[in-house]
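Engineer: Sharing a structure here in structure tokens format.
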Amino acid sequence: MANGDARTRSVIKKRFPWGWVVLGLVAVGVVGAVMAQGRAPVTVTTGKATVFKAGERNPLVTASGYIVARTRATLSSKVLGRLEWLGIQEGSRVEKGQVIARLEAPDLVASRNAVASQLAQTELDLVRSQKLVKEGIADQASLDRLLNLQKQQSAQLKYQDALLESMVLRAPFTGVVTQKLSEVGETVAPGSAGGANAINAVAVLADFNTLEVEVEVNEASIAKLKKAMPAEIRVDALDPKVLKGQVREIYPSSNRQKAVIIVRVAIQDRDPALVPDMGAKVTFLGEPYAQDAVIIGREQVVKREGRSHVWAVEGDAAVLKPITVLAENPIGLEVSGVTPATQLIVAPPEKLKEGAKVKVKAK
């Protein structure tokens, strides 16, 4: 009897579908988890629109570039020679006409002294000859020869002085030395290459009163710009300070490889911290807004049935608001249909549904 009961329990244990039971429980768990996840709020990031008040200027184009000096020169000597004296360092401030370097010229000094000595002797002979002519002892022809010799030697002396002056390097304008390219004892030469690449040049001089920003503007945007239009300049080194600027020049040529045009922007707010080659960003400003304008990011706009919408948060739910795009600028899109207080969803998820529960991510 006991053996019969044991065989019955063994058959039931083998025939009962325990695997299907376990699989069914797993499936129920998965479905429950999916349903719970579907009811869980979607985490989103929100932000508010940017508002330009009436009277503020409309930003039209933004471009990046560098600060440059409109008046800048690489200084080289007029002749080949060795530096005997150098009176500058990087950062030295010099005045126009100030001697900043001098080349060795012992041979020219000796030649100049010889001509000066000859001229001095000729002038003494001339004084004596004039007295002799008055007394009738010397003839006029001798006096004329001495006068002619005096003129020749005076011209030779001026020529020697000019040669000596060519051994001196003077500042062509008032400015600041940004680079010292040679040292005392080095041989320098006239800058045949020109610019900052001049071979054996002495120094680079820049007038900081002519600092401006050079930017590259896309050809498609250049029609929005014109001379003397206002601009805002943001220099990386002075962030968040904003400087006032004005378009000084739009170059009449384009770079065919980059499809850009060079624009120079004068800096109206001088700052002593500004130096050449600093990075800068320029925003060119259009006409003032006639009324308050609401600007949102391009990534916040979604299309539904051919119309533009934005996702917003009201209470704890996501709502889809229709908007009208009025204009575009470097910051984003000027729109109507939302207020500055509207809590907009930034980069809304693609599967977000109307009325879905949302949770705002802490900033």
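Engineer: When you look at Lys244, is it part of a strand (DSSP E or B), touching a His at 6+ places or on another chain (Cβ under 9 Å) and either of a type outside the set (Asp, Glu) or surrounded by 17 or more Cβ atoms within 10 Å (Cβ to Cβ) (or both), yes or no?
Structural biologist: On the way: part of a strand (DSSP E or B): yes; touching a His at 6+ places or on another chain (Cβ under 9 Å): no; either of a type outside the set (Asp, Glu) or surrounded by 17 or more Cβ atoms within 10 Å (Cβ to Cβ) (or both): yes.
The answer is no for Lys244.
Engineer: Restrict the check to region 227-238 and report whether at least one residue is over 15 Å from the mean Cα position of the chain (by Cα) and either surrounded by 13 or more Cβ atoms within 10 Å (Cβ to Cβ) or part of a helix (DSSP H, G or I) (or both). Even if it seems obvious, please write down each step before you answer.
Structural biologist: Within region 227-238, the first condition is being over 15 Å from the mean Cα position of the chain (by Cα), and the residues that meet it are 227-230.
Cutting the leftovers down to either surrounded by 13 or more Cβ atoms within 10 Å (Cβ to Cβ) or part of a helix (DSSP H, G or I) (or both) gives us 229-230.
Scanning region 227-238 turns up at least one residue that is over 15 Å from the mean Cα position of the chain (by Cα) and either surrounded by 13 or more Cβ atoms within 10 Å (Cβ to Cβ) or part of a helix (DSSP H, G or I) (or both).
Engineer: So for region 125-138 (the condition being part of a helix (DSSP H, G or I) and either closer than 30 Å to Thr187 by Cβ or in contact (Cβ under 8 Å) with a residue 24 or more places away in the chain (or both)), does at least one residue qualify? Can you show your working first?
Structural biologist: So the first thing to find is which residues in region 125-138 are part of a helix (DSSP H, G or I), and the list is 125-135.
Among the residues that remain, those that are also either closer than 30 Å to Thr187 by Cβ or in contact (Cβ under 8 Å) with a residue 24 or more places away in the chain (or both) are: 126.
Yes, that holds for at least one residue.
Engineer: Let me ask you something else. Within region 253-291, how many residues turn out to be part of a loop (DSSP other than H, G, I, E, B), hydrophobic (A, V, I, L, M, F, W, C) and out of contact with any Asp or Glu (no Cβ under 6 Å at 6 or more places or on another chain)? Spell out how you get there, then give the answer.
Structural biologist: So the first thing to find is which residues in region 253-291 are part of a loop (DSSP other than H, G, I, E, B), and the list is 256-259, 268-278, 289-291.
Filter once more, keeping what is hydrophobic (A, V, I, L, M, F, W, C): 259, 273-275, 278, 290.
Next, from what is left, pick out any that are out of contact with any Asp or Glu (no Cβ under 6 Å at 6 or more places or on another chain): 273-275, 278, 290.
Looking only at that region, the number is 5.
Engineer: Given the options Ala266, Ala231, Ala206, name the one that is free of Cβ contacts under 8 Å to residues at least 60 places away in the same chain, closer than 14 Å to Ala69 by Cα and not charged (D, E, K, R). First the steps, then the outcome.
Structural biologist: Numbers: Ala231 fails: closer than 14 Å to Ala69 by Cα; Ala206 fails: free of Cβ contacts under 8 Å to residues at least 60 places away in the same chain.
Sole residue among the options that is free of Cβ contacts under 8 Å to residues at least 60 places away in the same chain, closer than 14 Å to Ala69 by Cα and not charged (D, E, K, R): Ala266.
Engineer: Identify, by number, the condition in (1) touching a strand residue (DSSP E or B) at 6+ places or on another chain (Cβ under 6 Å); (2) modelled with pLDDT under 85 that Ile67 doesn't meet.
Structural biologist: (2)
Engineer: I would also like to ask the following. In the set Leu169, Leu147, which member is more than 47 Å from the chain's Cα centre (by Cα) and either assigned by TED's automatic domain parsing to the domain that holds Val109 or in a strand (DSSP E or B) (or both)?
Structural biologist: Values: Leu169 fails: more than 47 Å from the chain's Cα centre (by Cα).
That would be Leu147, the only listed residue that is more than 47 Å from the chain's Cα centre (by Cα) and either assigned by TED's automatic domain parsing to the domain that holds Val109 or in a strand (DSSP E or B) (or both).
The values are calculated or read from the model by the stated rules, or taken from the named source; none is laboratory data. Quick caveat, the model's predicted, so the values are computed rather than measured. Using ideal geometry, Cβ is built from the backbone for each residue, glycine included, and neighbour counts are taken over all protein chains shown.
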